[in-house]
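To keep things clear, I will list the structure first and then write my remarks on it.
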Amino acid sequence: MIDCHAHLWDPERGFPWIRPGTPHHRPYTADDLRRSAPGPDITGTVLVEASRGDAGETLALRELRLRRPELVAGYVANLHVHGAGGPEAFRDFLEGLGETRPNGTRLGGASWEATPRDARALVPVLADSGTVLELNLHHRAFDAAARVARAHPGLTVVVDHLGNPPHLHQEPEPQEWLRDLRTAAGVPAVVVKISGLLTQQRGVSPHRTAALVHRVLDAFGPDRCLIGSDWPICLTGGSRAASLAAATGPLHRLTAGERDDVLSANARRVYGLHG
């Protein structure tokens, strides 16, 4: 299994969103990541930026990829922090990193329109370079992914956390999310990450969260889905093992080949992972 969504951080080096006194206000290191693995089935992890607040986070993730290849299969950088320099500077930055450039870069925010305009201006560079755009949007993520993928041929868009559907206790049948899900499923360049269930749907029964996953699998097919733990964010709801179990449990209906696609083959193809 390739865990496509984990974070590392040290609050002493930035990450202003981590508040003192919270469970996340401590360093999480590569060794912590190694110890958190529930067993030998995890063959690699894609590290995802954690909003350190500066472009140095990209180089720090790159360094971890180079230094710990047995643990880190790839990394997703923060697109926001590269926006100020403009598209040509960003293109030069990626070209300078060569084969060690990010496997993806991420935009996050309340909605697509709420993300920084200068960061959105870098999306054509991602399409030209074959670098994945990852979206963590709290409203209408699937709709945004479909629109962006259609506008930029050659761009692959990965949607985090099932597109952040509303909490099922508040909206048991999320109609807007379902409509956007179907729209995005009709755009082949959009891929979805099965992740974030323990925190995004805290208190919802496993049966109901599994139903969300089934809807995504039915719409996208097993060849366009990835698995992620969202460790250590998930720790407020459960362990890395519990988070991965919530994501992988609903895969029981798939064939062995389809499960392999979701658990590892898709990650290698989408992110261009080697080894």
- Candidates Pro20, Pro38, Pro11, ranked by Gaussian network fluctuation over the chain, Cα under 10 Å, top entry: Pro20
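Could you compute the FRET efficiency for Glu63 and His274, with r as their C-beta to C-beta distance and R0 at 25 Å, rounded to 0.05? Don't skip to the end; give the middle numbers.
Details: r = 17 Å, r/R0 = 0.70.
E(calc), rounded to 0.05, equals 0.90.
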- Task: Would you work out the charge dipole size for the range 190-232 about its Cα centre, treating the Cβ of every Lys and Arg as +1 and the Cβ of every Asp and Glu as -1, and quote it to the nearest 20 debye?
- Result: 120 debye
- Message: Suppose every Lys and Arg Cβ carries +1 and every Asp and Glu Cβ carries -1, with no other charges. What dipole size does the range 168-257 come out with about its Cα centre, to the nearest 20 debye?
- Response: 160 debye
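Can you pull the percent of the chain's accessible area that's carbon plus sulfur, 1.4 Å probe, other chains left in place?
Details: 6020 of 11600 Å².
Roughly 52 percent, rounded to a whole number.
Would the range 152-213 count as rounded, prolate or oblate if I go by the C-alpha gyration tensor, calling it rounded below 1.5 in a/c and otherwise prolate when a/b exceeds b/c, oblate otherwise?
Prolate.
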- Message: How many angstrom lie between the Cα centre of the range 2-57 and the Cα centre of the range 239-260?
- Response: 22 Å
- Item | Within the range 28-65, backbone nitrogen closer than 15 Å to the virtual label 7 Å beyond the Cα of Asp118 toward Cβ | 53-56
- Message: As I understand it, the dipole of the chain uses +1 on the Cβ of Lys and Arg and -1 on the Cβ of Asp and Glu, about the Cα centre. Which of Val191, His274, Gly74 lies farthest toward its positive end?
- Response: Val191
- Message: Under a Cβ-only charge scheme (Lys and Arg +1, Asp and Glu -1), can you give me the dipole magnitude of the chain about the Cα centre, in debye to the nearest 20?
- Response: 320 debye
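What shape does the chain have by the C-alpha gyration tensor, where a ≥ b ≥ c are the square roots of the eigenvalues, rounded means a/c under 1.5, and otherwise prolate means a/b greater than b/c and oblate the rest? Don't skip to the end; give the middle numbers.
Numbers: a/c = 1.34, a/b = 1.14, b/c = 1.18.
It comes out rounded by the Cα gyration axes.
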- Query: Which cross-chain or sequence-distant (5 or more) residues have an amide H under 5 Å from the amide H of Gly44, H modelled 1.01 Å from N in plane?
  - Reply: Asp3
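Once the Cβ-Cβ distance between Arg147 and Arg182 is put in as r, and R0 is 22 Å, what FRET efficiency do you end up with, to the nearest 0.05? Spell out each step's value before the answer.
Numbers: r = 14 Å, r/R0 = 0.65.
With R0 = 22 Å, the Cβ-Cβ based efficiency is 0.95.
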- Message: How much accessible area per residue does the chain have, counting only protein heavy atoms and a probe of 1.4 Å, in square angstrom?
- Response: 42 Å²
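Could you work out how much longer the chain between Asp260 and Ser239 gets when fully extended? Use 0.36 nm per residue separation minus the Cα distance between them, nm to one decimal. Don't jump to the answer; show the numbers that get you there.
On the way: separation 21, 0.36 × 21 = 7.56 nm, distance 2.29 nm.
Here the segment from Asp260 to Ser239 would lengthen by 5.3 nm.
The values are calculated or read from the model by the stated rules, or taken from the named source; none is laboratory data. Being a predicted model, the structure only gives us computed values, none of them experimental. Ideal geometry is used to build each Cβ from the backbone, glycine not excepted, and the neighbour counts take in all protein chains shown. Accessible surface areas use protein heavy atoms only, side chains included; no ligands, DNA or RNA. Shrake-Rupley method; radii C 1.70, N 1.55, O 1.52, S 1.80 Å.
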